[in-house]
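The values are calculated or read from the model by the stated rules, or taken from the named source; none is laboratory data. This structure is a prediction, so every number in the text was calculated from the model and none was measured. Note that we place each Cβ from the backbone using ideal geometry, even for glycine, and neighbour counts take in every protein chain shown.
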Amino acid sequence: MTSFKILTMSLAISVFLIVLVGLIWGLLWKRFKSKNAADGNLNPAYVTWFSGLFVAGLIVLSDVMKAVQEASDNLLKLDADGLKMNTAKTILVIEAVALCWFIVLYLVVESVFRLLFRKVDEHVQMQEEMVSYFLFKGFFVVGVVYSFSVVLQTVLRLFIPSVDLPFFH
């Protein structure tokens, strides 16, 4: 029963993180005001860029879920005293680190694109429905996040409590 409660709590915190990431994405994309095309449908360039960021976010979220599962399992083995609070703290720290990691990688990609394409205005690219620019940018974001996912897993392991196993001879 305790493991079910821990699983439910980690799922609820993960849903909270997804909502928080959605709000941050909304703030990041607020600069693209004209998301709708002339016929009322979504702009294909916007959908392409959103899809790239969404896939990159899913890569980070998969690493987070692996770390949360391992942390919950270790905390169940350690002690039952203060289990819920320790689990909540650990999960929130892991998810906060992953969210900061995603934002830092997003800012790195933005700065690389500013260096490579100095005269490109993204508002103009979005209004003219330049899907190829945002497709390239989306693939670049996914590639950077996927490349650094091993580093993220290592960083997240620092926040997972360890279980000491006694070895007998």
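What the table below lists for this structure:
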{"read-out": "Some residue of region 103-122 being in contact (Cβ under 8 Å) with a residue 60 or more places away in the chain and either farther than 25 Å from F16 by Cα or over 19 Å from the mean Cα position of the chain (by Cα) (or both)", "value": "yes"}
{"read-out": "Sole residue being over 16 Å from S14 (Cβ atoms) and out of contact with any Pro (no Cβ under 7 Å at 6 or more places or on another chain), chosen from E122, E129, E95", "value": "E122"}
{"read-out": "Residues (out of contact with any helix residue (DSSP H, G or I) (no Cβ under 7 Å at 6 or more places or on another chain), at pLDDT below 80, over 21 Å from C100 (Cβ atoms) and surrounded by 14 or more Cβ atoms within 10 Å (Cβ to Cβ)) located in region 22-74", "value": "A37"}
{"read-out": "All positions within region 87-102 that are free of Cβ contacts under 8 Å to residues at least 24 places away in the same chain and over 14 Å from the mean Cα position of the chain (by Cα)", "value": "K89"}
{"read-out": "Residue within region 45-66 that is out of contact with any Cys (no Cβ under 6 Å at 6 or more places or on another chain) and over 26 Å from F113 (Cβ atoms) present", "value": "yes"}
{"read-out": "Residue match in region 156-168 (condition: part of a helix (DSSP H, G or I), touching a helix residue (DSSP H, G or I) at 6+ places or on another chain (Cβ under 7 Å), of a type outside the set (D, E) and surrounded by 15 or more Cβ atoms within 10 Å (Cβ to Cβ))", "value": "yes"}
{"read-out": "Output for region 70-86, where each listed residue is within 13 Å of F4 (Cα to Cα) and without any contact (Cβ under 8 Å) to a residue 24 or more places away in the chain", "value": "D73"}
{"read-out": "Test: V145 is without any contact (Cβ under 8 Å) to a residue 40 or more places away in the chain, surrounded by 13 or more Cβ atoms within 10 Å (Cβ to Cβ), within 20 Å of the chain's Cα centre (by Cα) and within 17 Å of F54 (Cα to Cα)", "value": "no"}
{"read-out": "Total residues in region 108-127, condition in a loop (DSSP other than H, G, I, E, B) and surrounded by 11 or more Cβ atoms within 10 Å (Cβ to Cβ)", "value": "2"}
{"read-out": "Test: residue in region 84-91 that is hydroxyl-bearing (S, T, Y), in contact with a helix residue (DSSP H, G or I) (Cβ under 7 Å, 6 or more places away or on another chain) and in a helix (DSSP H, G or I)", "value": "yes"}
